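*Asks:* Here it is, the structure, as structure tokens.
Nothing in this text is a laboratory measurement; each read-out follows from the coordinates by a stated rule. The shown structure was predicted, so the numbers you read here are calculated from the model rather than taken from an experiment. Reconstructed Cβ throughout: ideal geometry from the backbone, glycine too, with neighbour counts over all protein chains shown.
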Amino acid sequence: MNLAITPFEKNIEVWRQLWRVIEKSDVLMQIVDARNPDFFYASDLEKYITDVGGGKKEFMLLINKSDFLSEGLIKHWNDYFNEKGVKHLFFSALKEQNKIDNVDQDADSDQANSN
């Protein structure tokens, strides 16, 4: 097997920082790209968090850029991670920004109507 190790993975200081964060945190979230969440999801990291925490640490997988996915793909990935028992959440900054913009527009129109 021919594996390549990136400079990031060779740096022991990076690993020490990760271990410290895991030890000190009660909730840890791994953010993955929605276009291929299983490729980016590190199940070993989740297992390590569970083992170190003794069941006291929460782990959540945040699937980012979910606006790139069709409803069918969201259902597929939702079913897939549910089968694996992985707590997960779909997120889209674009959709959240649209919600904020709509709230701002509604507030502006309510203010204009009250004058």
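*Asks:* What are the equivalent ellipsoid semi-axes of the stretch 32-95, built from the alpha-carbon gyration tensor (square roots of five times its eigenvalues), in whole angstrom, biggest first? It would help to have the intermediate numbers written out before the result.
*Replies:* Values: eigenvalues 108, 27, 19 Å².
Semi-axes from the Cα gyration tensor: 23, 12, 10 Å.
*Asks:* Place a point 7 Å from the Cα of GLU58 along the Cα-to-Cβ direction; which residues of the stretch 8-47 have their backbone N under 19 Å from it?
*Replies:* Answer for this model: 21-32, 46-47.
*Asks:* Same structure again: Rank these for me by crowding, TYR41, TYR80, TYR48, going from fewest to most other beta carbons within 10 Å. Write out the running numbers ahead of the final one.
*Replies:* On the way: TYR41 19, TYR80 13, TYR48 16.
Ascending number of Cβ neighbours within 10 Å: TYR80, TYR48, TYR41.
*Asks:* Let me ask another. When a footprinting reagent is the concern and you count Cβ atoms within 10 Å, what order do VAL27, VAL32 take, fewest first?
*Replies:* Working: VAL27 9, VAL32 18.
Placing the least packed residue first, the sequence is VAL27, VAL32.
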